[in-house]
Each structure stands twice: as structure tokens, then as C-alpha cells.
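The values are calculated or read from the model by the stated rules, or taken from the named source; none is laboratory data. Treat the numbers as computed from the prediction; the structure is a model and nothing was measured. Reconstructed Cβ throughout: ideal geometry from the backbone, glycine too, with neighbour counts over all protein chains shown. For the accessible areas, the whole protein counts, side chains as well, though only heavy atoms, and no ligand, DNA or RNA atoms are used. Shrake-Rupley method; radii C 1.70, N 1.55, O 1.52, S 1.80 Å.
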Amino acid sequence: MDYKKLASLLFPDITKTPEDYEALYPPRKLPEGAVVTRLAPSPTGFIHLGNLYGAMVDERLAHQGGGVCYLRIEDTDEKREVEGAVPVLLDVLGYFGIHFDEGACRADEPGCRPSNVEPSAGERGDYGPYWQSRRSDIYKACVKRLVEQGKAYPCFMSEEEIARIRADQSAAKLDPGIYGKYAKHRDLSYEEVERRIRSGETFVVRLRSEGDPSRYFKAKDAIRGELSMPENIQDVVILKKNDLPTYHFAHVVDDHLMHTDIVVRGEEWMASLPIHVQLFEAMGWEPPLYCHTTSLMKIDETTGQKRKLSKRKDPELGLSFYKELGYFPEAVREYLLTILCSDYEQWRMANPLASYGEFKFSPDKMSDSGTLFDINKLNDVSKDVLAKKSAAEIYDFMLGWAKEFDQAKYRLLSENKDMLLKVFDIDRGGEKPRTDLVYAQQIFAFIKYFFDETFEYESEWPAEVSAEDRREILRLYIEGYDPADDNSAWFEKVRGITDRLGYAVKPKDYKKNPDAYKGHVGHVSGVIRIAITGRANSPDLWTIQQIMGKDMVARRISAAMQEK
Ligand code: GLU
């Protein structure tokens, strides 16, 4: 068979060769030891924690050594594409601190060349196109080369034929797929191929696999070290009928021509590594170092079993979940780093104030069995992250969040800046800062008693205090309330009311002798606290009132006196 002739028959318009493209895309000039990584998502519109997790690995590996991290859009599967997905992806990843040096970008970014694929996005950098759908000629030049060398061939089998083969294989308990004797179009004659093409038949191009399942090859995984796997025997499709390549072939060509050093991708791809190594070999290229990250798992609430996070069942898998609730991006990043690298938490303890960028990230410290994601742990990490922020940083973040997600809250926040700076400053700084702020939505709920618009009673009045006493406590309280009192003078007055109405000034006296008192000072101050904040628990009440001002305190007390 004259394979060269066959290749010209299949690809008459392809004139460039893989070498032409290699000359067009020479290696980047980078500092010694710097690596090139990439994120290569399909534009499905759903951006999940796994994307961020992988992107963080890409970003750290590249940027910690002065390398390049680029964004490539794998849009060869038209069914999965969503218009506008790329700007959203860039926004969400940017929110979490992931920025790309080249690749797909927003149309309004400096240096962006517009894309005809998506008007709101484009690309920048010298190794493009970065949208696979625009690289068809490059892939075809490489496929043409394989056909010329007899390493790939056109296959005209219909879907029905393939389905029949699969059914036979399944009945005979054989491995499914197109290999060996099932690869029926491996050796069609030139004339036969020509005849079929003339009569309008369409074809895919398959790899002619030389693999032998009894032979094992070795490959290195950045997390797991050396792997040994059986060779691939399948004649996998490399070019589809729509002239676009399959993932297998596309990433081989792209990662070669874009000079990717480390391919970080989900472990679901590990099973196809034999195909990928074989394709690199067929092209005569060196494969990159693969880094297969483990799936994010959670403990299922109903079964108590560990399982993969699922798009359908777990809203916390989507990154918009964290953005909408107003998690500080730093908190999510910090938490992901703790589950990503076994040595991160220890490093953080030794370096509480350092930027995460100072941590030396190394893939062999990553988990090679499912990574457990626990939202309660994320919340704990978030509390610590927020405890280190200044009041102004918290205020600015809240304002930005509300502007995007909640106009009513945005108005309250912008109209009450001075007050809120004081609110966020309560017990901040010092040895043991408060750790009750987690994310914007929760923080707002936490401080809502500072606004008449959102104040509500959330706790029950103390059962030890009758309704009549309650009103009396509040009446005496507001009568004596003077914002000029310092904390201890203020509390002396509360004690005075306590004693006057027959409650114990010291809780332990009440506990010792419950019949002698109606309750104790905690119950009396509880009434005042609930009247002012709506809650039985709050930060220091004297401080809260100092921030609220006398008018609001008076309004709250008189409103509470009307309560049944
Ligand atoms: N488009 C593939 C995915 O979204 C990319 C895998 C890779 O990074 O190579 O899973």
C-alpha cells in the first residue's frame, strides 16, 4: 500500500507538516527549572471544585518557578459546549486567584485577539490558537503524517456495525472495542477507500495499534511515581467525522506544540494513559510528565460512606456556590491547599502570616487516593483566615459581594460604613481574635441586629423571668442607661436592677439556693441582650451598644417592652 498516496487522498488540502508547526512554535525561553502547565477545560459552563483544585496545582507548579500557566479550551465536543462559558470560567477562577499567562482570555483583556468561536472571549500568546476547534488544520497535518507512515487509517464502519461488534463481544465476554480482527477497515485497499470517498461516505481516522496486552510499559506519574501498565491494543479514533480530533489525539498534539511540561488532569484519565503514551510514540515525541489528581470525595450524609462529589447531589461541588455565599477566595484556596498537600497544614502552623505562594508545592506530597472534602473543615479554615483580616478588609469584601448578589444588603452596607467598621473591629487583633465570621452571607446574618430593617428576635426570652419582670427590667434599664458609662459602671447598673427585682447578683448564689431568688444576673442581662440583639449570645453587649448609639438602644428597649 502506498500510504503517502492514501494520505493525499484523505487530506488533499493539508500542505503543512508537523515540522512546519514545530518551527512555528519553538520552545519558550524560560529560566532554568521553570515549567509550563495548562488548564484544559471543556467549556461546559459548569465550573467545579475539581477545576479549581487542578488549576491551583497548575498555577503553583508554573508560577513558583517562573514558568508559564496557560488556558486551553477543549471545545471539540460540540454537544457539551455552552456559549459564554469562557468569560465565566475566567471570572470564577480569577476570583480564586488563578490567572493565566497566555491562552483563552476575556475579549476586554489587553492583548486579546478576538475569537470567532465566542465573541465575549479571545486569546493571547504565541502558541495559539488556544481553542481546539480552531486548530483543525494542525491536527490534520499530524494525522496525515501518521497515515503516511501507515500508523493510522480511515475507517468507514457505521455506528450500527460497531454496535453489532460490541454486542458480539459482550456475548462472548470479550473486551469491547475496535482491535485485532474487529478492526475491519485496517487494510482496505486504496481503490476501496477511493471508491467509498467518491460515493460520499464519511470516515474517521483510527490509530493502527501495534500494542500487545502482554507487554507492559513504564510511565512516571508526578504523584504516584513509576507506573507499569499494559500496552493499548485498541485502534482508537484520533480524528472524528467532523474533522476534529478526539481528546486523546488533540491533547497529544497541543501539549507537544505548546510545550507543556506537566499535564495535571483528573485521575479518570489515568486508564487512557496507555493510549496517550502510544500516540506520543507514534508521533515521535516525548510525552510530558502526567500528574493525575485524585477525585474529591465526601462522606455521604445518609449512608455514612465515602463517595465522589457529584454535580447532581452536591451543590458545594460548583464554584458558584462559594462565590454566591460570599466565601473569601483566600479561605477556599487555603482549605484546598490543606487537602491538596499533606505538608501544607504543618507549614501554615509554622508560617501563620506568610502568603501561600511562599509554600513550596511539590506533587509527590499530593494524595494518591481520594481527597476528602469536608465543608465544616472549610468553615473552620475560613474562620481562621477571617480572624487575621482587618475590619476594613472585611467591610470591603462584604460590600463587593453585596453589590453583586444582594442590592438591599449593599445599600445597608454602604450607608453604614463607619458603624460597620466598628462592628467588624469587635475583638479583632490581639492574641485571641474572635473566630465567628465565616462567609459574607453568614456574616450578614451574624450582624443583622445592627440594622432596624433586618433585626428580629431569634432567641426565646429566659424562662426564669416573667413577662412582667421583663418589662420592669427593661424599664429600669433604659431609665438608667447612659452611654457615657464605661463597661464596669454599666454592668454595675445591671447588677443593681438584678438585686432590686429579687434575682441573684452572683449566679452561684442562685445555684446554691434556687428558692431564694427568681433567677440570676445572667437571666436579667439575657433579657437586655435579647431586647437589643434579638439573641441570647452575642459579642460584648456594652461594646455593641456603644456602636449602635443611644437612639437605637432606646428604640430596641421600648420595642421589647411591647413584646408579649
Ligand atoms: N478537557 C479535559 C477535561 O476537561 C481535559 C483533561 C486534561 O487536562 O488533559 O477533563
Does segment 91-99 include one or more residues that are within 16 Å of the ligand (Cβ to nearest atom), buried (at least 16 other Cβ atoms within 10 Å of the Cβ) and not aliphatic (A, V, I, L, M)?
-> no
Exactly one of ALA55, ALA104 is free of Cβ contacts under 8 Å to residues at least 60 places away in the same chain, within 12 Å of the ligand (Cβ to nearest atom) and open to solvent by less than 20 Å² (accessible area, probe 1.4 Å), and that residue is ALA55
For segment 427-458, what are the residues that are more than 33 Å from the chain's Cα centre (by Cα) and more than 17 Å from SER414 (Cα to Cα)?
-> PHE455, GLU456, TYR457, GLU458
If you go through segment 146-180 one residue at a time, how many are open to solvent by 70 Å² or more (accessible area, probe 1.4 Å) and free of Cβ contacts under 8 Å to residues at least 60 places away in the same chain?
-> 11
Does VAL253 meet the test of being open to solvent by less than 40 Å² (accessible area, probe 1.4 Å), within 26 Å of the chain's Cα centre (by Cα) and within 15 Å of the ligand (Cβ to nearest atom)?
-> no
Residue by residue through segment 405-418, note down the ones that are part of a helix (DSSP H, G or I) and either acidic (Asp, Glu) or surrounded by fewer than 17 Cβ atoms within 10 Å (Cβ to Cβ) (or both).
-> PHE405, GLN407, ALA408, ARG411, SER414, GLU415, LYS417, ASP418
How many residues are in contact with a strand residue (DSSP E or B) (Cβ under 6 Å, 6 or more places away or on another chain), away from the ligand (no atom under 13 Å from the Cβ) and at negative phi if we restrict to segment 256-288?
-> 3
Given (1) assigned to a helix (DSSP H, G or I); (2) closer than 30 Å to LYS377 by Cα, number of the condition LEU476 does not satisfy | (2)
Residue satisfying condition, being part of a helix (DSSP H, G or I), aliphatic (A, V, I, L, M) and within 16 Å of the ligand (Cβ to nearest atom), within set LEU61, LEU9 = LEU61
Just for segment 238-250: of the residues that are of a type in the set (A, V, I, L, M) and not in a loop (DSSP other than H, G, I, E, B), which one is farthest from the ligand (Cβ to nearest atom)?
-> LEU239
Considering each residue of segment 232-250, count those that are in contact with a strand residue (DSSP E or B) (Cβ under 9 Å, 6 or more places away or on another chain) and open to solvent by 50 Å² or more (accessible area, probe 1.4 Å), and give that number.
-> 2
Could you please give the count of residues in segment 259-274 that are open to solvent by less than 20 Å² (accessible area, probe 1.4 Å) and outside any strand (DSSP E or B)?
-> 4
Inside segment 217-237, the number of residues satisfying the requirement of being without any contact (Cβ under 8 Å) to a residue 24 or more places away in the chain and either within 14 Å of the ligand (Cβ to nearest atom) or not in a strand (DSSP E or B) (or both) is 0
Does ARG307 fit the bill of being within 15 Å of the ligand (Cβ to nearest atom) and part of a strand (DSSP E or B)?
-> no
Within segment 58-79, residues being surrounded by fewer than 17 Cβ atoms within 10 Å (Cβ to Cβ) and under 18 Å from PRO119 (Cα atoms) number 1
Residue, farthest from the chain's Cα centre (by Cα), within segment 64-77, restricted to residues that are at pLDDT 90 or above and either within 13 Å of the ligand (Cβ to nearest atom) or basic (Lys, Arg) (or both) | ASP75
Out of ALA536, ALA504, ALA516, ALA531, sole residue that is under 52 Å from the mean Cα position of the chain (by Cα) and either open to solvent by 20 Å² or more (accessible area, probe 1.4 Å) or more than 30 Å from GLU415 (Cβ to Cβ) (or both) = ALA536
State all residues of segment 425-443 that are in a helix (DSSP H, G or I) and at pLDDT 95 or above; if no residue qualifies, say none.
-> ALA440, GLN441, GLN442, ILE443
Positions within segment 34-51 being within 9 Å of the ligand (Cβ to nearest atom), in a loop (DSSP other than H, G, I, E, B) and modelled with pLDDT of 90 or more, in sequence order | ALA40, PRO41, SER42
Check on GLY496, in a loop (DSSP other than H, G, I, E, B), over 48 Å from the mean Cα position of the chain (by Cα), exposed (fewer than 15 other Cβ atoms within 10 Å of the Cβ) and free of Cβ contacts under 8 Å to residues at least 60 places away in the same chain | no
If a residue has to be modelled with pLDDT of 90 or more and not in a helix (DSSP H, G or I) to count, how many in segment 83-106 make the cut?
-> 11
Breaking point among (1) in contact (Cβ under 8 Å) with a residue 40 or more places away in the chain; (2) touching a helix residue (DSSP H, G or I) at 6+ places or on another chain (Cβ under 7 Å); (3) not aromatic (Phe, Trp, Tyr), for LEU421 | (1)
